[in-house]
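For reference, the structure discussed in these notes is given below.
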Amino acid sequence: MMAPELQKPTKKNRGFYVKMRILHRGRQPEKSLFFKYYQWILWFSFTLYFLTSFFITNKPIPLSKTHVFGSRFSLASRVLFESVNKTSQQSNLKNPATLKDLKIYIYELPSEYNENWLSNKRCSNHLFASEVAIHRALLNAHDFRTFDPDEADFFFVPVYVSCNFSIVNGFPDIGHARSILSSAIQHISSDYPFWNRSHGSDHIFVASHDYGACFHAMEDRAIDNGIPGFLKKSIILQTFGVNYKHACQDVDNVLIPPYISPESIEKTLEKAPLTGNRDIMVFFRGKMEVHPKNVSGKFYSKRVRTEIWRRYKGDKRFSLQRHRFTGYQAEIVRSVFCLCPLGWAPWSPRLVESVALGCVPVIIADGIRLPFPSVVNWGEISLTVAERDVGKLGHILERVAATNLSAIQKNLWDPTVKRALMFNDHMQEGDATWQVLISLYNKLDRSYRRARVWS
């Protein structure tokens, strides 16, 4: 409802103040003074009424309360409502006006722990490459990096464990992760006093793998192995996160997005703008097994991707592709909805690619925890569909397309959203590394140096 408009005074309607003066002309001065005060109070009351009415009637409507035609509480509205409510349970991080008083020391480890792995170009560009990207961003973050360890709040340990690519299938083999990290800690604890004095509580590691610092791609094995004891007191920057108790997040951690090359995103957007034509309604390209049980007897994606393929492979609304294609980002930027189902782990790089290319992410991974909820309102830019509701996916997306889509896209296309999920070699204010620093700022109670200052 629009706020009531004030009419411009005319000869017939000059307003209450003018009429009051005419009616009371010729009265005693004392009463004239009384009426002046009365008129002032009356005008103040009218002004307050109209201003209050305006702000009440023009209050923005939350996406969770947007009207959905049809059933009293449709699947589409339920998906949006639940998603918004989950996001509203986010923690309230301090967001300082400046982070310049935050100081991080970066260990200069021997090259076998990091630089040597970069001989393979994939090391800095694949989905686990946030370990490289964060290291580079911190090296270039002159306002936050310190070369004096005595003034450091935190210590970053740059070990690349994801670049040991298998010669059999090309996937990262992280079987050596525990040994190389243990070796790095042995090195810094023998050459420097900082690990030993805090038992590693102010030290930072990156674990950008399927199940974070458990360092295994299979969940049952990851849980059995657990997080190595030598990392238990440190801070882990990891891509894995769920909103329930799990052995692989049983450590102080910061949830980070998977790495997507910002250069590849910009090249795609140069050819097809964010707000351009989107002629694909629902898109997914990736592994969809007809028979999901692998050789070890485990079911890939908890059968979710198989169910998507079986139900929608012949549906004209869905573009489902099972084979790899290097130009798939050009397909994402043409799509309205992009499916982001779980694989072995709940998270997926498609989540970041979809957001960066303006395609509404449809998250199908029960219990997933999403990165940086204090700045990315996931409930307003994405849809969450329960794994058990995959069979209703077509109906859900049709309803959303007919009702809430424009509101979701408007929120999704806000450039600050994309920026918060992208890592850059030279950190930008508001980007993913910046969000990591804000999270660390809120953990300054773990800083050995700060504890001594505050005590």
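The values are calculated or read from the model by the stated rules, or taken from the named source; none is laboratory data. Remember, predicted model here, so these are calculated numbers, not experimental data. For neighbour counting, all protein chains shown are included, and Cβ atoms are generated from backbone atoms with ideal geometry for every residue, glycine included. Protein only, heavy atoms only, side chains kept; ligands, DNA and RNA dropped before computing areas. Shrake-Rupley method; radii C 1.70, N 1.55, O 1.52, S 1.80 Å.
The condition of being outside the structural domain of TRP195 (by the TED database), acidic (Asp, Glu) and open to solvent by less than 50 Å² (accessible area, probe 1.4 Å) holds for only one of GLU398, GLU353, GLU380, that being GLU353. All told, GLU429 falls short of being open to solvent by 50 Å² or more (accessible area, probe 1.4 Å) and in a helix (DSSP H, G or I). Restricting the stretch 116-154 to residues that are among the basic types (Lys, Arg) and open to solvent by 60 Å² or more (accessible area, probe 1.4 Å), which is nearest to ASP445 (Cα to Cα)? The extreme case among them is ARG136. The residue pairs whose first member lies in the stretch 185-213 and is open to solvent by 50 Å² or more (accessible area, probe 1.4 Å), whose second member is of a type outside the set (Phe, Trp, Tyr), and whose beta carbons are closer than 6 Å, counting only pairs six or more residues apart or on different chains, are ASN196/SER189; HIS199/LYS233. Report whether or not LYS245 is surrounded by fewer than 17 Cβ atoms within 10 Å (Cβ to Cβ), in the same structural domain as VAL400 (by the TED database), out of contact with any Leu (no Cβ under 8 Å at 6 or more places or on another chain) and free of Cβ contacts under 8 Å to residues at least 12 places away in the same chain. Here the answer is no, as LYS245 does not meet what is asked.
Looking only at residues of the stretch 164-184 that are open to solvent by 70 Å² or more (accessible area, probe 1.4 Å) and touching a strand residue (DSSP E or B) at 6+ places or on another chain (Cβ under 9 Å), we find that the one that is modelled with the highest pLDDT is ASP173. Could you list, in sequence order, all residues of the stretch 432-446 that are buried (at least 18 other Cβ atoms within 10 Å of the Cβ), farther than 11 Å from LEU102 by Cα and out of contact with any strand residue (DSSP E or B) (no Cβ under 8 Å at 6 or more places or on another chain)? Listed by number, the residues that qualify are ALA432, THR433, TRP434, GLN435.
To keep it simple, each residue is scored yes or no on (1) free of Cβ contacts under 8 Å to residues at least 40 places away in the same chain; (2) closer than 19 Å to LEU405 by Cβ; (3) touching a helix residue (DSSP H, G or I) at 6+ places or on another chain (Cβ under 8 Å); (4) of a type outside the set (A, V, I, L, M).
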| site | (1), (2), (3), (4) |
| --- | --- |
| ARG311 | no, no, yes, yes |
| ARG324 | yes, no, no, yes |
| VAL333 | no, yes, yes, no |
| LEU357 | no, yes, yes, no |
| ASP366 | yes, no, yes, yes |
| GLU380 | no, yes, yes, yes |
| GLU387 | no, no, yes, yes |
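Taking (1) under 28 Å from SER124 (Cα atoms); (2) over 14 Å from the mean Cα position of the chain (by Cα); (3) open to solvent by 20 Å² or more (accessible area, probe 1.4 Å) in turn, ARG449 satisfies each apart from (1). Checked against the criterion of being of a type in the set (Asp, Glu) and under 30 Å from ASP445 (Cβ atoms), the stretch 265-279 has no qualifying residue. Taking first residues from the stretch 144-171 that are in the same structural domain as TYR211 (by the TED database) and over 18 Å from MET218 (Cβ atoms) and partners that are of a type in the set (Lys, Arg) and part of a loop (DSSP other than H, G, I, E, B), the Cβ contacts under 7 Å between residues at least 6 apart in sequence or on separate chains come to PHE144/LYS103; THR146/LYS103; GLU151/LYS103; ALA152/LYS103; ASP153/LYS103. Is it the case, given these coordinates, that PHE240 is among the aromatic types (Phe, Trp, Tyr) and open to solvent by less than 10 Å² (accessible area, probe 1.4 Å)? Against the criterion (among the aromatic types (Phe, Trp, Tyr) and open to solvent by less than 10 Å² (accessible area, probe 1.4 Å)), PHE240 qualifies. The residues of the stretch 273-285 that are farther than 15 Å from ARG311 by Cα and at pLDDT 95 or above, listed by number, are ARG278, ASP279, ILE280, MET281, ARG285. Kindly check whether there is at least one residue in the stretch 222-236 that is of a type in the set (Lys, Arg), open to solvent by 40 Å² or more (accessible area, probe 1.4 Å) and under 24 Å from the mean Cα position of the chain (by Cα). No, the stretch 222-236 contains no residue that is of a type in the set (Lys, Arg), open to solvent by 40 Å² or more (accessible area, probe 1.4 Å) and under 24 Å from the mean Cα position of the chain (by Cα).
Answer yes or no as to whether VAL132 is farther than 30 Å from ARG452 by Cβ and modelled with pLDDT of 95 or more.
Judged against the criteria, VAL132 is a match.
Where residues in the stretch 356-370 are open to solvent by less than 10 Å² (accessible area, probe 1.4 Å) and part of a loop (DSSP other than H, G, I, E, B), which of them is farthest from GLU266 (Cα to Cα)? Applying the filter and picking the extreme gives ALA365.
Here is the figure for the stretch 106-144: residues that are over 16 Å from VAL206 (Cβ atoms) and outside any helix (DSSP H, G or I) total 7. Among the listed residues LEU339, LEU320, which satisfies the condition of being under 19 Å from the mean Cα position of the chain (by Cα) and modelled with pLDDT of 95 or more? Step by step, each of LEU339, LEU320 is checked, and only LEU339 is under 19 Å from the mean Cα position of the chain (by Cα) and modelled with pLDDT of 95 or more. Scanning the stretch 248-268 for residues that are open to solvent by 10 Å² or more (accessible area, probe 1.4 Å), farther than 21 Å from TRP434 by Cβ and in a helix (DSSP H, G or I) returns GLN249, LYS267, THR268.
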